[in-house]
Amino acid sequence: MKLDGRRESSNVEDRRGMSGGAKAGLGIGGIIVVALMAWMTGGNPLEAVVQQVQQNGFGGNTEVNEGQREFTEEEQALAKFSTQILAGTEDVWTEIFKQHGAQYQNPTMVLYTDGTQTACGQGSAAMGPFYCSGDQKLYIDLSFFTTMKQQLGADGDFSYAYVIAHEVGHHVEYLTGTLEKVHAQMAKLSQTEANKLSVRLELLADFYAGVWAHHDNKRFGSLEDGDIEEAINCAQKIGDDYLQTKARGYAVPESFNHGTSKQRMKWFKLGLETGDITKGTTFQCSDAEL
């Protein structure tokens, strides 16, 4: 991506090197880290997730004072990159909301190490990047990008940008009322039926990530050769079916809560190609159309 000269967002809390912890809602990376490890060891990924959410002090509560460690040049570069991507989402979504007669409220990005406190409980790096509607913040341990590269082969700056834009997509869902409405419905359903709604939420966030990319490129000319392929590769490799098959040799569709590789690629590409938020119909289309 071309980001030279791009501004960095001021809506960032840098908690790296501070205290640890662990308990929060599962984000885009949670299905990769928690569920994948469960499948690899022959366990039930849903039980693994529940167990992590219920456990307190997963990462320990040892206090680490800021400044005790110096960050590498690579870590600082990733931090700058992430704040530039966040700034890009602010610019794009502010304009889109304005065009629809609404006002966009910027979320805050929290950069942390291992674990941190959130309004949704204690957040753990083991769950990957996640969005907490309780405080309207997205939480990212930058080491997740290394996990993407080394364990999944999903590398490249635009694939990292896609992950951030996906979590911002959940913030858009929150601002439009979709997130709260769907979560309320999920609480009344069986796990299998709730998973189906979760898939639609996640695919909508993928779509919104594509919408952002469309307008960011139109506004800044940010995309370079190979960028789109990077994001599509990332979407393909974080599909529930891909991860489960990779880990255990087969997939269990009723346990899917993020969508198949085909679905994730489809909705991201639709947002990227159209840039039209009215095309985000993951809750209006049939299962077959999803």
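The values are calculated or read from the model by the stated rules, or taken from the named source; none is laboratory data. As the structure is a computational prediction, the values presented were derived from the model and not from experiment. Counting neighbours? That spans all protein chains shown, and the Cβs are built from the backbone with ideal geometry, glycine included. Side chains are part of the model used for accessible areas, which takes the heavy atoms of the whole protein and leaves out ligands, DNA and RNA. Shrake-Rupley method; radii C 1.70, N 1.55, O 1.52, S 1.80 Å.
Inside the stretch 88-107, residues that are open to solvent by 30 Å² or more (accessible area, probe 1.4 Å) and either under 16 Å from Glu13 (Cα atoms) or among the aromatic types (Phe, Trp, Tyr) (or both) make up a count of 1. Apart from one condition, Gln151 fits all of (1) in contact (Cβ under 8 Å) with a residue 24 or more places away in the chain; (2) under 23 Å from Thr282 (Cβ atoms); (3) open to solvent by 50 Å² or more (accessible area, probe 1.4 Å); the exception is (2).
Scanning the stretch 193-211 for residues that are touching a Leu at 6+ places or on another chain (Cβ under 8 Å) and crowded, with 24+ Cβ neighbours inside 10 Å, we see that the one that is nearest to Glu95 (Cα to Cα) is Val211. Pairing each residue of the stretch 1-13 that is at pLDDT 95 or above with any residue that is open to solvent by 100 Å² or more (accessible area, probe 1.4 Å), provided the two are 6+ apart or on different chains, yields C-beta distances under 9 Å for Leu3/Lys80; Glu8/Lys80.
Looking at Gln263, Gln244, just one residue is crowded, with 20+ Cβ neighbours inside 10 Å, within 21 Å of the chain's Cα centre (by Cα) and more than 23 Å from Ile164 (Cβ to Cβ), and that residue is Gln244.
Filtered by the rule that a residue be within 14 Å of Gln117 (Cα to Cα) and open to solvent by less than 10 Å² (accessible area, probe 1.4 Å), the stretch 132-148 gives Cys132, Leu138, Tyr139, Ile140.
Residue-wise test of (1) among the polar types (S, T, N, Q); (2) at negative phi.
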{"position": "Asp91", "(1), (2)": "no, yes"}
{"position": "Gln99", "(1), (2)": "yes, yes"}
{"position": "Gln103", "(1), (2)": "yes, yes"}
{"position": "Gly115", "(1), (2)": "no, yes"}
{"position": "Thr118", "(1), (2)": "yes, yes"}
{"position": "Gly121", "(1), (2)": "no, no"}
{"position": "Gly128", "(1), (2)": "no, no"}
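For the stretch 212-229, residues that are touching a residue at least 60 places away in the same chain (Cβ under 8 Å), open to solvent by 50 Å² or more (accessible area, probe 1.4 Å) and in a helix (DSSP H, G or I) total 3. For beta carbons closer than 9 Å, sequence separation of 6+ or different chains, a first residue in the stretch 262-288 that is farther than 17 Å from Phe158 by Cβ and a second that is among the aliphatic types (A, V, I, L, M) and assigned to a loop (DSSP other than H, G, I, E, B), the qualifying pairs are Gln263/Leu290; Lys266/Leu290; Thr282/Leu290.
Every residue in the stretch 247-260 that is open to solvent by 50 Å² or more (accessible area, probe 1.4 Å) and either part of a helix (DSSP H, G or I) or at pLDDT below 85 (or both), please. Selection gives Arg248, Tyr250, Pro253, Glu254.
On the stretch given as the stretch 230-241, residues that are open to solvent by 10 Å² or more (accessible area, probe 1.4 Å) and free of Cβ contacts under 8 Å to residues at least 60 places away in the same chain total 3. Number of residues in the stretch 116-131 that are of a type in the set (A, V, I, L, M, F, W, C), touching a Leu at 6+ places or on another chain (Cβ under 9 Å) and either in a loop (DSSP other than H, G, I, E, B) or buried (at least 24 other Cβ atoms within 10 Å of the Cβ) (or both): the value is 1. Entry remark, the stretch 154-192: residues being charged (D, E, K, R) and either under 12 Å from the mean Cα position of the chain (by Cα) or open to solvent by less than 60 Å² (accessible area, probe 1.4 Å) (or both) number 3 in total.
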